[in-house]
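J.: Input: one structure, supplied below.
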Amino acid sequence: MDQLLFLDLEVTPDGKRLLDAGAKLGTREWHSTKLNELRPWLADASVLTGHNLVRHDLPILLSRLGKDAL
(Lines give C-alpha, C1' and ligand atoms only; values in the text may rest on other atoms or scores of the structure.)
Protein backbone atom coordinates (compact mmCIF):
# COMPACT_ATOMS: atom_id res chain seq x y z
CA MET A 1 0.00 0.00 0.00
CA ASP A 2 2.97 2.35 0.41
CA GLN A 3 3.30 2.70 -3.37
CA LEU A 4 -0.39 3.27 -4.12
CA LEU A 5 -1.16 6.93 -4.71
CA PHE A 6 -4.83 7.78 -4.14
CA LEU A 7 -5.71 11.03 -5.91
CA ASP A 8 -8.77 13.27 -6.01
CA LEU A 9 -9.04 16.58 -7.87
CA GLU A 10 -11.89 19.04 -7.43
CA VAL A 11 -12.33 21.60 -10.21
CA THR A 12 -14.93 24.12 -11.30
CA PRO A 13 -17.65 22.73 -13.61
CA ASP A 14 -15.88 24.19 -16.66
CA GLY A 15 -12.63 22.50 -15.55
CA LYS A 16 -10.62 25.71 -15.72
CA ARG A 17 -9.90 26.24 -12.03
CA LEU A 18 -8.59 23.76 -9.50
CA LEU A 19 -10.48 24.14 -6.24
CA ASP A 20 -8.65 21.47 -4.24
CA ALA A 21 -6.47 18.43 -4.74
CA GLY A 22 -5.85 15.66 -2.29
CA ALA A 23 -3.59 12.64 -2.28
CA LYS A 24 -2.58 9.84 0.02
CA LEU A 25 0.59 7.78 -0.39
CA GLY A 26 1.25 5.30 2.39
CA THR A 27 0.85 7.28 5.60
CA ARG A 28 1.44 10.67 3.96
CA GLU A 29 -1.42 12.98 3.06
CA TRP A 30 -1.37 16.05 0.85
CA HIS A 31 -3.90 18.82 0.13
CA SER A 32 -3.17 21.83 -2.04
CA THR A 33 -4.16 23.71 -5.15
CA LYS A 34 -0.58 23.61 -6.47
CA LEU A 35 -0.34 20.50 -8.62
CA ASN A 36 3.42 20.92 -9.12
CA GLU A 37 3.82 19.87 -5.49
CA LEU A 38 2.39 16.50 -6.51
CA ARG A 39 5.31 15.63 -8.84
CA PRO A 40 7.50 13.94 -6.19
CA TRP A 41 4.50 11.94 -5.00
CA LEU A 42 3.87 10.71 -8.53
CA ALA A 43 7.52 9.73 -8.81
CA ASP A 44 7.33 7.71 -5.57
CA ALA A 45 4.15 5.87 -6.57
CA SER A 46 3.94 2.61 -8.50
CA VAL A 47 0.18 2.79 -8.94
CA LEU A 48 -2.10 5.79 -9.35
CA THR A 49 -5.71 5.27 -8.33
CA GLY A 50 -8.75 7.24 -7.31
CA HIS A 51 -12.49 7.70 -7.72
CA ASN A 52 -13.26 8.47 -11.38
CA LEU A 53 -9.53 8.74 -12.15
CA VAL A 54 -9.74 7.82 -15.84
CA ARG A 55 -12.65 10.04 -16.82
CA HIS A 56 -11.98 13.03 -14.60
CA ASP A 57 -8.73 13.37 -12.66
CA LEU A 58 -6.25 11.91 -15.13
CA PRO A 59 -7.17 14.18 -18.07
CA ILE A 60 -6.88 17.23 -15.79
CA LEU A 61 -3.59 16.02 -14.35
CA LEU A 62 -2.13 15.35 -17.79
CA SER A 63 -3.26 18.70 -19.18
CA ARG A 64 -1.66 20.59 -16.30
CA LEU A 65 1.49 18.58 -15.61
CA GLY A 66 2.06 16.78 -18.91
CA LYS A 67 2.75 13.13 -19.64
CA ASP A 68 6.23 13.37 -18.14
CA ALA A 69 4.69 13.69 -14.68
CA LEU A 70 3.61 10.07 -14.88
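The values are calculated or read from the model by the stated rules, or taken from the named source; none is laboratory data. It should be emphasised that the depicted structure is a prediction, and the values quoted were computed from it without experimental measurement. Side chains included, ligands, DNA and RNA excluded: accessible areas come from the protein's heavy atoms. Shrake-Rupley method; radii C 1.70, N 1.55, O 1.52, S 1.80 Å.
J.: By DSSP, what percent of the beta bridges with both residues in the chain are antiparallel, rounded to the nearest 5? Walk me through the intermediate numbers first.
T.: Numbers: 12 of 15 bridges.
Antiparallel bridges make up about 80 percent of those DSSP assigns within the chain.
J.: Using a probe of 1.4 angstrom, how much of the accessible area of the chain is carbon and sulfur, in percent? Kindly include the intermediate steps, with their values, before the conclusion.
T.: On the way: 2380 of 4690 Å².
Here it works out to 51 percent.
J.: Quick one: how many Å² of Val11 are accessible to a 1.4 Å probe, rounded to 10?
T.: Estimated to the nearest 10 Å², Val11 gives 30 Å².
J.: Let me ask another. What accessible area, in Å² to the nearest ten, does a 1.4 Å probe give for Thr27?
T.: 130
J.: Further question: What number comes out for accessible area per residue over the chain if the probe is 1.4 Å? Units Å², please. Each step should come with its number before you reach the end.
T.: Numbers: 4690 Å² over 70 residues.
It amounts to 67 Å² per residue over the chain.
J.: Enumerate the amide H contacts of Gly50 below 5 Å, restricted to partners 5 or more residues apart or on another chain; note that Pro and chain-start residues carry no placed amide H.
T.: Leu7
J.: Convert each backbone phi in the stretch 48-63 into a coupling constant with the Karplus relation 6.51 cos²θ - 1.76 cosθ + 1.60 (shift: θ = phi - 60°), then list the ³J(HN,Hα) values in order as whole Hz, x for Gly and Pro.
T.: In residue order, the calculated couplings are 10, 9, x, 5, 6, 4, 5, 8, 10, 5, 4, x, 5, 4, 5, 5 Hz.
J.: Report relative contact order for the chain in percent, whole number only (criteria: Cα-Cα under 8 Å, sequence separation at least 6).
T.: Here the relative contact order equals 35 percent.
J.: Mind checking the full-extension length gain between Trp30 and Val11? Use 0.36 nm per residue of separation minus the Cα-Cα distance, one decimal, nm.
T.: Working: separation 19, 0.36 × 19 = 6.84 nm, distance 1.65 nm.
The span from Trp30 to Val11 would gain 5.2 nm if fully extended.
J.: Step through the residues of the stretch 11-24 one at a time and calculate ³J(HN,Hα) from phi using the Karplus curve (6.51 cos²θ - 1.76 cosθ + 1.60, θ = phi - 60°), rounding each to whole Hz and writing x for Gly and Pro.
T.: Whole-Hz 3J(HN,Hα) from phi for the stretch 11-24: 10, 5, x, 7, x, 8, 10, 7, 8, 6, 9, x, 8, 9.
J.: A further question on this structure: Report ³J(HN,Hα) in whole Hz for each residue of the stretch 25-42, in order, from the Karplus equation J = 6.51 cos²θ - 1.76 cosθ + 1.60 where θ = phi - 60°; Gly and Pro get x.
T.: Per residue, the Karplus-derived 3J(HN,Hα) values read 9, x, 9, 8, 10, 9, 9, 5, 10, 9, 5, 4, 5, 7, 3, x, 5, 4 Hz.
J.: When Rg is the radius of gyration of the Cα atoms in the chain and Rh is its Kirkwood radius, what does Rg/Rh come to? Intermediate results must be reported in sequence, preceding the final value.
T.: On the way: Rg = 11.2 Å, Rh = 12.1 Å.
Rounded to two decimals, Rg over Rh is 0.93.
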